[in-house]
Amino acid sequence: MQIEKRVRELVEEKIADRPDLFIVSITMQKNNTLSILLDGDNGVSIDDCVSVSRHVGYYLEEENVIDHAYRLEVSSPGIDSPLLLLRQYIKNTGREVRVKLTNGDKKEGKLLSADESQIVIEEKVKEKGKKAYLQETALPFNQIKETRVLISFK
């Protein structure tokens, strides 16, 4: 855990002048890959990833933080990655999402809003023999297992 803590400090130091960027996760994987996921309110550029990678890599080597061979990867979450942080939910307001709930149910709809306790989606409800209608549904975070943005090719 010390490695992740030091890496978080280094990344925060590097992006301190970029309030639009934020850390999604930092993990040392079993295959000795140190993975840093960055996101931004307006996306993350390759230059942002390169800058963070060089900064973190330099100080990890200088301080000899990791005593074994490792690979450093800095990237943004893929389009199919689940949303993990409130800031990611806010960034994706207005997009279609699929939400898996802890009870096994699945909901799909447009993400309307998110706050510290819940998200609100607009889902299409179809009852047998009736016309489909749109309904706002509040989903508390403690009932959400996973949320993914749906990719549309329309």
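The values are calculated or read from the model by the stated rules, or taken from the named source; none is laboratory data. Predicted model, so just to flag it, every value in this text is computed and none were measured. Neighbour counts are summed over all protein chains in view; Cβ atoms, including those assigned to glycine, are modelled from backbone coordinates with ideal geometry. When the accessible area is computed, the model is the full protein with side chains, heavy atoms only, and any ligands, DNA or RNA have been set aside. Shrake-Rupley method; radii C 1.70, N 1.55, O 1.52, S 1.80 Å.
Considering only protein heavy atoms and a 1.4 Å probe, what is the carbon-and-sulfur percentage of the accessible area of the chain? Numbers along the way, then the final one.
Working: 4750 of 9870 Å².
In the chain, the share of accessible area belonging to carbon and sulfur is 48 percent.
Over the chain, what is the relative contact order in percent, taking alpha-carbon pairs closer than 8 angstrom and at least six residues apart?
Details: 247 pairs, mean separation 27.4, N = 154.
Across the chain, relative contact order equals 18 percent.
Going down the table (30/107; 100/131; 91/128; 106/131), which pairs top 23 Å between alpha carbons?
Numbers: 30/107 33 Å; 100/131 25 Å; 91/128 35 Å; 106/131 21 Å.
Violating the 23 Å limit, Cα to Cα: 30/107; 100/131; 91/128.
Among 24, 97, 125, whose mean-square fluctuation peaks in a Gaussian network model of the chain (Cα, cutoff 10 Å)?
Highest fluctuation among the options: 125.
At what distance in angstrom do the alpha carbon centres of region 102-154 and region 27-53 lie from each other?
After rounding, the separation between the Cα centres reads 29 Å.
Per the Kirkwood definition applied to all pairs of different Cα atoms, how many angstroms is the hydrodynamic radius of the chain? Don't skip to the answer; put the middle values down first.
Values: mean 1/r = 0.0570 Å⁻¹.
Hydrodynamic radius (Kirkwood, Cα only) of the chain equals 17.5 Å.
Round to the nearest 10 and give me the degree value, 0 to 90, for the angle of helix 2-14's Cα axis relative to the longest principal axis of the chain.
Once rounded, the angle reads 80 degrees.
Could you calculate the contour length gain from residue 86 to residue 135, that is, 0.36 nm times the residue separation minus the distance between their Cα atoms, to one decimal place in nm?
Gain on stretching residue 86 to residue 135: 15.4 nm.
Dipole size in debye (nearest 20) for region 99-154 around its Cα centre, Lys and Arg Cβ +1, Asp and Glu Cβ -1?
Numbers: 12 positive and 9 negative charges, 95 e Å.
Once rounded to the nearest 20, the dipole reads 460 debye.
Using unit Cβ charges (K, R positive; D, E negative) and no other charged atoms, how large, in debye to the nearest 20, is the dipole of region 8-154 about its Cα centre?
On the way: 22 positive and 25 negative charges, 266 e Å.
Dipole of region 8-154, to the nearest 20 debye: 1280 debye.
Using the alpha-carbon atoms, what tilt in degrees (0 to 90, nearest 10) does helix 46-63 show relative to the longest principal axis of the chain?
For 46-63 against the chain, the angle is about 40 degrees.
Could you do me a favour and compute the accessible area per residue for the chain, 1.4 Å probe, result in Å²? Each step should come with its number before you reach the end.
Details: 9870 Å² over 154 residues.
Here the residues of the chain average 64 Å² of exposed surface.
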